[in-house]
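Here is the structure we will look at.
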Amino acid sequence: MSNNDEQSSSSSSINQKSSLPKFPPPNPGSKLALHQIQCSIHTVDSLRSYFESFGIVEQIEITPRADGFVVFEEKASADRCLAHGAQHDVQDHKIWVERQATFY
């Protein structure tokens, strides 16, 4: 193998490793999608505070499109959240919640 082949092989293995997720995937069924977030009202901290009433929250994310997701430690917490209904009143604004499809 020439030096160029070794560099190319080494380079591609580094790229593959850097593309691995930083966190393990959530437990199946523990990730919920959030819709109609008001970025001028809601913050990661305010959403975390609200959703912690259903169980331990591992992660909250808000996207630039006013969507996001909440990841609970346990599926049972996500189930409790969904049992509350699809529409949640967070800081006097309705947020829609649904089970997030995950593909791993």
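The values are calculated or read from the model by the stated rules, or taken from the named source; none is laboratory data. Because the structure is predicted, anything quoted here is derived from the model rather than measured. Neighbour counts are summed over all protein chains in view; Cβ atoms, including those assigned to glycine, are modelled from backbone coordinates with ideal geometry.
A few points about this structure:
- Residues that are without any contact (Cβ under 8 Å) to a residue 12 or more places away in the chain and more than 17 Å from Gln36 (Cα to Cα), drawn from segment 56-87: Ala83
- Segment 52-83: number of residues that are at pLDDT below 95 and more than 16 Å from the chain's Cα centre (by Cα): 0
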